[in-house]
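What follows is a short report on a single structure.
The values are calculated or read from the model by the stated rules, or taken from the named source; none is laboratory data. Not measured: the values here are computed from a predicted model. Quick reminder, even Gly has a Cβ in these numbers, built from the backbone with ideal geometry, and neighbours come from all protein chains shown. For the accessible areas, the whole protein counts, side chains as well, though only heavy atoms, and no ligand, DNA or RNA atoms are used. Shrake-Rupley method; radii C 1.70, N 1.55, O 1.52, S 1.80 Å.
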Amino acid sequence: MDSTMATPCPSTPKWNADRPFLTGRFHQEIKSTSGITSKGFSTDHFSPGVDKPIGCYHAAIQELIVIDDLLFALVGIEGRYISIKRLRGKDDSIIFQVDSSMDLALQDSAKRIFPLCESYLLVNQFVESRSHFKTGLVNHAFAAALRALLLDYQAMVAQLEHQFRLGRLSIQGLWFYCQPMMGSMQALSIVIKKASANNFTGSAVLNLLHTQFRWVYEGVIDDPYGEFFIAENKSLQKESLTQDYDAKYWQQRYSLKGDIPSFLANAAETILTTGKYLNVMKECGHNIQVPMAENSKLTSVGSSHHYRECIKAAYDFASGELLNLIKEKYDLMGKLRSIKHYLLLDQGDFLVHFMDIAREELMKKPDDISVEKLQSLLDLALRSTAAVADPFHEDLTCCVEQTTLLKRLSTLKDLEISQTVSSSTDLEEPVSITGLETFSLSYKVRWPLSLVISRKSLTKYQLIFRSLFHCKHVNRQLCAAWQLHQGLRRLDMQGIAISVSSLLCRNMLKFINSLLHYLTFEVLEPNWHVMHNRLQTAKSIDEVIQYHNFFLEKCLRECLLLSPVLLKKVERMKLICLQYAAATQWLITYSNDTPKTDDSPNVEKYKQLKLRIPSRTQKVASENASVIESILKFEREFTAELRSLGPILSSSSRAEPYLTHLAQWLLGVGRD
């Protein structure tokens, strides 16, 4: 053995600091003080006796005595200062005790080796007790295999003792060379405790051995007595992922217990994740087992490094297989692209058609809306547009919420809202809301894609959709108002009211178009491409879930849905736009006697009629003044809200840089 592999003992005197192990030269140097000969170490020189505690000796001498006692303890024999005691009535409960006067550093070093000593005693006792005829052939075979392992173990102890007699072994060296056996012996002791406690024989022994590696190779837990360090919560079903916003299936269906074997502590999370991946594939009917090469089986004897390699190999295989299954067979990216087309309005042609044919139903109160009728109209819109080419378009469904978007956001407590709502009055529902404010789309997602596109993820998509849908509605209303103005201009109705209204309508359209441009081209598209690229390089389903969740959180934040103060400002401005668009009907009343086209034969008759009836002219002038005042009121409100938005965006953009882009788009309206 190479003596340079260990580190100096903390208790070694200064004059031996350059020696990592206790060599023959060291013994020569301290011969006069310790009685140790230059040819090696012999415990016979000490004979401490019962009444002489180990603390009476120099720390370097204590180290030699402790090593000697530990070599005995490793084969189940008590030493001078290390005693072995069994708890009465419990054969598998063993306690190792050391002399309390022992150097504290040596006590800690000795206690690190005691688990290996205990494992040896348990294995050795099991071999002796299960070698009897009455225990059965399976136990005989198991005991024979354990006996072969013990021969290797005893050979290791003999080699360590030989090095010690040559003066080449320190307490650190003993710990270092014991580690390769630590994992194997502790794993066997766990199995043996279960077999002894239940007095297993025959197939029960085989099942016990099999269950120790079944989870990491098959993703199945067979643990009727709750002894495995991974717990299964059978009350959590995979169906909850598509039904419950707060579903904890993926996080809590399988979880680690507190009593994890020490030799597996560093790999416990990997073992848990590996089994979860395999279990998902099993739930999909894709029964697969991690291939086990002879040199990569967890049942083979090896160091802790070997265990980690075996577990990592199983994890890499399970992760790759599940990721390939979800991406290829279940077409995760195709599903996400389909959701982007509909819920993020990437392809809006179907929406235009739907809003045209469903306008009457959407204008009703939420309780009066027929969801079935909306669904049939949605299906018609999908079949009548390019959306029919999407293989997933039949998974699209519609729903009607009962509250406004802001109220819905306040009920989702897990969202990281950046600013709290100032008062309860801010959350009061409007006197009358319609389906245009509460309509949403949904999507049918099946296992195992529900791991990624869960109910919580779909809810976040719906929040973004509701914001976009309402913006589209406002845009359509303003476009209708703008078309009315253009029609009046063609009839040479260039009065003051029409001019003022046209300017206001143009500014409102620029505002809503700028908002839509920001949401789609500044937020959704760039973030989608980042997520898409990350998903292409993801190594596991957990990374896929992480990247997808990050995308949704970032979109929610940058779409202002997590900023109530800004969102309320924008909603207020959209409300003003809708009220103005509805008020343009006054213009229609004001010009209800106007001919439809310039070349109409009634144009001349209309002009003559106005000249013959002065009272008619006065009435029109009065109505014109009333309309101008109403329009100016809308203009004042809209301008005031837009100006008040500026300081909020400026102050918030310091913490949220993305708001700089929004400020550039929206505040440009005010400059016009």
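When the residues of segment 630-658 are narrowed to those that are hydroxyl-bearing (Ser, Thr, Tyr) and more than 18 Å from Ser514 (Cα to Cα), which ends up surrounded by the fewest Cβ atoms within 10 Å (Cβ to Cβ)? Please lay out each step first, then the result.
The initial filter retains those residues of segment 630-658 that are hydroxyl-bearing (Ser, Thr, Tyr), namely 630, 639, 644, 650-653, 658.
Among the residues that remain, those that are also more than 18 Å from Ser514 (Cα to Cα) are: 630, 651-652.
Numbers: Ser630: 15, Ser651: 10, Ser652: 21.
The qualifying residue surrounded by the fewest Cβ atoms within 10 Å (Cβ to Cβ) is Ser651.
Does Val191 satisfy the condition of being of a type in the set (Val, Ile, Thr), surrounded by 15 or more Cβ atoms within 10 Å (Cβ to Cβ), part of a helix (DSSP H, G or I) and at pLDDT 85 or above? Outline the logic, then answer.
Values: of a type in the set (Val, Ile, Thr): yes; surrounded by 15 or more Cβ atoms within 10 Å (Cβ to Cβ): yes; part of a helix (DSSP H, G or I): yes; at pLDDT 85 or above: no.
It is false that Val191 is of a type in the set (Val, Ile, Thr), surrounded by 15 or more Cβ atoms within 10 Å (Cβ to Cβ), part of a helix (DSSP H, G or I) and at pLDDT 85 or above.
Given (1) assigned to a helix (DSSP H, G or I); (2) modelled with pLDDT of 85 or more; (3) within 29 Å of the chain's Cα centre (by Cα), identify the lone condition not met by Arg308.
Tallying (1) assigned to a helix (DSSP H, G or I); (2) modelled with pLDDT of 85 or more; (3) within 29 Å of the chain's Cα centre (by Cα), Arg308 fails exactly one: (2).
Just to verify a result, which residue in segment 438-468, among those that are in contact (Cβ under 8 Å) with a residue 60 or more places away in the chain and of a type in the set (Gly, Ala, Ser), is surrounded by the most Cβ atoms within 10 Å (Cβ to Cβ)?
Only one residue tops the list, namely Ser454.
Could you tell me which of the residues Thr584, Thr594 is modelled with pLDDT under 55 and buried (at least 16 other Cβ atoms within 10 Å of the Cβ)? Walk me through it before giving the result.
Working: Thr584 fails: modelled with pLDDT under 55.
Only one candidate qualifies: Thr594.
Output the number of residues of segment 309-346 satisfying the condition of being in contact with a Ser or Thr (Cβ under 7 Å, 6 or more places away or on another chain) and open to solvent by less than 10 Å² (accessible area, probe 1.4 Å).
5
Could you grab the pairs with beta carbons closer than 7 Å, sequence gap of 6+ or different chains, first residue in segment 144-166 and small (Gly, Ala, Ser), second one open to solvent by less than 50 Å² (accessible area, probe 1.4 Å)?
Every condition considered, no pair remains.
Return yes when Leu560 is on the phi > 0 side of the Ramachandran plot and more than 15 Å from the chain's Cα centre (by Cα) and no when it is not. So that I can check it myself, show each step before the final result.
Values: on the phi > 0 side of the Ramachandran plot: yes; more than 15 Å from the chain's Cα centre (by Cα): yes.
Taking the combined requirement at face value, the residue satisfies it.
Sort out which residues of segment 242-260 are part of a helix (DSSP H, G or I) and closer than 23 Å to Ile271 by Cβ, and write them in order of number. Give the steps one after another, and end with the answer.
Initially, segment 242-260 is screened for residues part of a helix (DSSP H, G or I), giving 242, 249-252.
Scanning segment 242-260 gives Tyr249, Trp250, Gln251, Gln252.
Does Glu128 qualify as being in contact with a helix residue (DSSP H, G or I) (Cβ under 9 Å, 6 or more places away or on another chain), within 21 Å of Ile61 (Cα to Cα) and open to solvent by 50 Å² or more (accessible area, probe 1.4 Å)?
Details: in contact with a helix residue (DSSP H, G or I) (Cβ under 9 Å, 6 or more places away or on another chain): yes; within 21 Å of Ile61 (Cα to Cα): no; open to solvent by 50 Å² or more (accessible area, probe 1.4 Å): yes.
So Glu128 fails the test.
Being surrounded by 13 or more Cβ atoms within 10 Å (Cβ to Cβ), in contact (Cβ under 8 Å) with a residue 60 or more places away in the chain and not in a helix (DSSP H, G or I) is the filter here; which residues of segment 347-364 pass it?
Gly348, Lys364
Is one or more of the residues making up segment 378-391 of a type in the set (D, E, K, R) and exposed (fewer than 14 other Cβ atoms within 10 Å of the Cβ)?
Looking only at segment 378-391, we keep the residues that are of a type in the set (D, E, K, R), and these are 379, 383, 390.
Of the ones still in play, those that are also exposed (fewer than 14 other Cβ atoms within 10 Å of the Cβ) are 383.
The answer is yes; a qualifying residue exists.
When segment 544-581 is examined, which residues are found to be in contact (Cβ under 8 Å) with a residue 40 or more places away in the chain, open to solvent by 10 Å² or more (accessible area, probe 1.4 Å) and of a type in the set (D, E, K, R)?
Glu553, Arg557, Glu558, Lys568, Lys569, Glu571, Arg572
Quick grid of which residues meet (1) in contact with a strand residue (DSSP E or B) (Cβ under 6 Å, 6 or more places away or on another chain); (2) β-branched (Val, Ile, Thr); (3) crowded, with 18+ Cβ neighbours inside 10 Å; (4) modelled with pLDDT under 80:
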| residue | (1), (2), (3), (4) |
| --- | --- |
| His132 | no, no, no, yes |
| Gly136 | no, no, no, yes |
| Ala148 | no, no, no, no |
| Leu151 | no, no, no, no |
| Ala155 | no, no, no, no |
| Phe164 | no, no, yes, no |
| Leu174 | no, no, yes, no |
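Give the residues of segment 44-61 that are at pLDDT 85 or above and open to solvent by 10 Å² or more (accessible area, probe 1.4 Å), sorted by residue number.
Matches in segment 44-61: Pro53, Gly55, Cys56, Tyr57, His58, Ala59, Ile61.
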